[in-house]
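The block underneath contains the structure these notes are about, expressed in structure tokens.
The values are calculated or read from the model by the stated rules, or taken from the named source; none is laboratory data. Computed from a predicted model, the values in this text were never measured in an experiment. As a convention, Cβ positions derive from the backbone with ideal geometry for all residues, glycine included, and neighbour counts pool all protein chains shown. Protein only, heavy atoms only, side chains kept; ligands, DNA and RNA dropped before computing areas. Shrake-Rupley method; radii C 1.70, N 1.55, O 1.52, S 1.80 Å.
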Amino acid sequence: MRRVPLSTGVDLAIHESGRGETVVLLHAWGETHRSFDRLVPLLSPDLGLVVPDQRGVGESAKPAGGYSLTDAGEDVVALLDALGIDACWLLGTSSGGYVAQQVAVAHPERVQGLVLVGAPSDRQGPVPETLARVLASFQDPVTRDDIRALDGVLPLRSPVPEGFLDDQSTSALTIPLAVWVAGIEGLVAAPPPLRSGTIAVPTLILWGAQDDILPASQAQELAAAIDVSRLVIYEETGHLVLWERPERVAADAAAFIAANTSGRGSAADRAEPSTRPPRVPHRRTHAVTTPRPDP
């Protein structure tokens, strides 16, 4: 990890690996870069991965403010500026995918494509009651018991290695209570990015069929709103798609990025635009997969 000073006034700690097409991995609220620990080794070294701890978590700066969705998006753009990257792919998990959408809408010239993993189309509204109760019970500083209580409202539908879960809990303890609260408040207060603009880059949408945090209609809304998109549904998978299916996420993301950057990959991997006036008519393909076992 190294810390990179940004024009937005914070330093972000980042992990970098590989060479080639740049992909920035954006973790969810309540997580750190460690949420990608199982994914990164599965992705090709031909991809240049940038994995930051976002503002307020892990080894990054933890200022008192700046936790709106807009702030998170501007941090991503400032990170690209600091690293000398003109444009990149963004892979975001859960609310990290919400941040990715914000960047794609506000700064379309900086985004080559998106991979949205269990990401919402709309988080605006009150904090869900069960989550609000858990957060209200958090200690200051946050304890492992607090994290276990949060895990209880984010159920897993497929087995995940205990060591990985332990690492996520340890990483979550780096997040101050004020950041937990400000982060979720920033998410639910933000106008959904798709309400304020369009996303015109190739987008892969990966969704768990048993997601009980976000309604399935949000996956369909993303697919309908983004002209060049492909929706893939994983059976026997909950909201934490990245945690439960890292092998499939790696394979599907790598194939999609390859197919939409260099023309490699099969036609089934490519996203194709839809017919929606007044735009030039094209055919959209939303491929919804049937279940297959992880490798």
Q: Kindly indicate whether any position in segment 31-39 is at pLDDT 95 or above, in contact with a strand residue (DSSP E or B) (Cβ under 6 Å, 6 or more places away or on another chain) and buried (at least 17 other Cβ atoms within 10 Å of the Cβ).
A: yes
Q: Return yes or no: is GLY18 in contact with a Lys or Arg (Cβ under 7 Å, 6 or more places away or on another chain) and over 21 Å from ALA104 (Cα atoms)?
A: no
Q: Show the residue pairs that are 6+ apart or on different chains and have beta-carbon atoms under 6 Å apart, the first residue being within segment 212-226 and small (Gly, Ala, Ser), the second being buried (at least 18 other Cβ atoms within 10 Å of the Cβ) and assigned to a helix (DSSP H, G or I).
A: ALA225/LEU194
Q.
Yes or no: segment 131-142 includes at least one residue that is in a helix (DSSP H, G or I) and touching a residue at least 24 places away in the same chain (Cβ under 8 Å).
A. yes
Q | Qualifying residues in segment 6-23 (those that are of a type in the set (D, E, K, R) and out of contact with any helix residue (DSSP H, G or I) (no Cβ under 8 Å at 6 or more places or on another chain)) - the one most open to solvent (accessible area, probe 1.4 Å) | A | ARG19
Q) So which of ARG148, ARG157, ARG144, ARG110 ends up being open to solvent by 20 Å² or more (accessible area, probe 1.4 Å), within 18 Å of the chain's Cα centre (by Cα) and basic (Lys, Arg)? A) ARG110
Q.
Considering only residues that are closer than 18 Å to ALA253 by Cβ and small (Gly, Ala, Ser), which ones fall in segment 9-34?
A. SER17, GLY18, GLY20, ALA28
Q) Can you tell me which residues in segment 193-231 are open to solvent by 30 Å² or more (accessible area, probe 1.4 Å), farther than 17 Å from VAL99 by Cα and among the hydroxyl-bearing types (Ser, Thr, Tyr)? A) SER217
Q. Going by the structure shown, is GLY58 under 17 Å from the mean Cα position of the chain (by Cα), outside any loop (DSSP other than H, G, I, E, B) and either surrounded by 24 or more Cβ atoms within 10 Å (Cβ to Cβ) or among the small types (Gly, Ala, Ser) (or both)?
A. no
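Residues are listed down the side, and each one gets a yes or a no for (1) crowded, with 19+ Cβ neighbours inside 10 Å; (2) closer than 18 Å to ALA28 by Cβ:
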site	(1), (2)
VAL105	yes, no
PRO128	no, yes
PRO161	no, no
ASP167	no, yes
SER171	yes, yes
(Q) Quick check on segment 232-253: of everything there that is part of a strand (DSSP E or B) and touching a Gly at 6+ places or on another chain (Cβ under 9 Å), which residue is surrounded by the fewest Cβ atoms within 10 Å (Cβ to Cβ)? (A) ILE233
Q | Meets criteria (among the small types (Gly, Ala, Ser), closer than 22 Å to SER44 by Cβ and out of contact with any strand residue (DSSP E or B) (no Cβ under 7 Å at 6 or more places or on another chain)) for ALA259 | A | yes
